[in-house]
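Heads up: the structure comes next, in structure tokens.
A short reminder: the numbers here are calculations on the coordinates, not readings from a lab. Since we're looking at a predicted model, the values are computed, not measured. Note that we place each Cβ from the backbone using ideal geometry, even for glycine, and neighbour counts take in every protein chain shown.
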Amino acid sequence: MKKSVLLFASLFFFCSFIQNSNSNSLLVPDNETVSLIFVSDVMGHMPQVAAAYNPLNDSYNYDVCFKWVKPYLKNADFAVANLEVPIAGKPYSGYPAFSSPDALLDALNTAGFDILLTGNNHVLDRGKSGLEGTISQLSKRKFLFAGSYIDENQRDSIYPIMLHSKGIKIAILNCTYGTNGNEAQEPTLVNYIDTVEIINDISEADKLGADFKIMTIHWGTEYELQANEHQRKLAQFFVNHGINLIIGSHPHVVQNAETLYGKDNIPVPVFYSLGNFISNQRQTNSDGGIMVKVEIEVKSKSVLKMAYFPVWVYRGILNAEYQYHLIPTTDYIQNPLHFKLNSTDSISLRYFDSETHKRLLNFEFLK
């Protein structure tokens, strides 16, 4: 487990959730917290695979992609990403049936990710063998994972994910709306949005002593900037059944976020979609995403602070190296000469930053 430090904290946009009157102690800044960072879709289009390839030694390396976000990830106790590409071996392929090199996992590991989510519509792109191969590679690198399993015994033994840190237990659940029409072949399993099963999973988390429960979910309509009615109803369903935080993915754009209220009027943050973390998509609003940092107070076992900041995907040359570079927009805006983007890319980054903040205006933040 990584130890949380305060380095780079000033770059986050903090929003404090209003607590009820008997929880003023949550506002004490010195209270100990457990911090998690969430990012959305890690994708693997073929131009990304090509950019990672080194013909001199016939190998792949993605490390440089995450250079600028690595300090933020290391600044959290746990970092979580949606792995929306099977690690299924050669031949490597992009949309619509993905498979990326094992080196992508190595880079995610080096960057500081601890947990990868596989409950998404591409988990079965390479069928049963692709699912099994992905889990094998995740296990080899000691990632925690949720969303797909080689069999029921594995699911029962590791799901939901239970994080034990600083005296509290945090449960992470994961599910998807579908798998592009592909069906899991026995004995493999994928977590779907099945409300009966989800209630059972929440109950299991409670039996395991969960103090805080997080639902990570693959849902919504691609490229729609606002959550749809189905998402909103599901979110309230989760809140009504004891979920404390909801993090969504799939639409490939950053959607709106809001605060819902559960039992005892406790606020539950809902981020409907964090957008793309890394991909080759260049359509308006799909060329980036947000990182969300959550600080859970140990004493109250509730959200003390949340923070988000946009990250734009620069496809080009930095430090004489062509790659897909993830650039925190605040870092660029504060020091554009450090990145030396051309005017077109600079305009695109600033536009993405501005439009992203517009959809999150209902969250107070400090610059």
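Here the relative contact order of the range 210-278, from alpha carbon pairs under 8 Å that lie six or more residues apart, stands at 34 percent.
Pairs exceeding 20 Å between alpha-carbon atoms, taken from Lys213/Lys233; Lys90/Lys128; Lys263/Lys301; Lys90/Lys142; Lys169/Lys293; Lys233/Lys263: Lys90/Lys142.
Quick one, which of [x] 5, 23, 29, 22, 14, 6, 1; [y] 5, 25, 33, 24, 11, 2, 0; [z] 5, 26, 36, 25, 8, 1, 0 is the actual P(r) over Cα pairs in 10 Å bins from 0, in percent calculated for this model? So the calculated entry is the one marked [z]. Remark on Val268: its backbone amide H falls under 5 Å from those of Leu260, Tyr261, Gly262, a criterion applied only to residues 5 or more positions apart or on other chains, H modelled at 1.01 Å from N. The Cα trace of the range 199-320 gives Rg and Dmax of 16.2, 55 Å, the first to one decimal, the second as a whole number. Relative contact order for the range 9-359 using alpha-carbon pairs under 8 Å, separation at least 6, rounded to a whole percent? Normalised by residue count, the contact order of the range 9-359 is 19 percent. Under the combined filter of DSSP loop state and at most 15 neighbouring Cβ atoms within 10 Å, the range 220-316 retains these chymotrypsin sites (Phe, Trp or Tyr not before Pro): Tyr223. For the range 126-203, the equivalent ellipsoid derived from the Cα gyration tensor has semi-axes of 22, 17, 10 Å, listed largest first. A helix-only calculation puts the chain at -7000 deg cm²/dmol for mean residue ellipticity at 222 nm, using -39500 (n - 2.57) for each DSSP H run of at least four residues, averaged over all residues.
For the range 9-359, the Cβ-based charge dipole about the Cα centre amounts to some 660 debye (Lys, Arg positive; Asp, Glu negative; other atoms uncharged).
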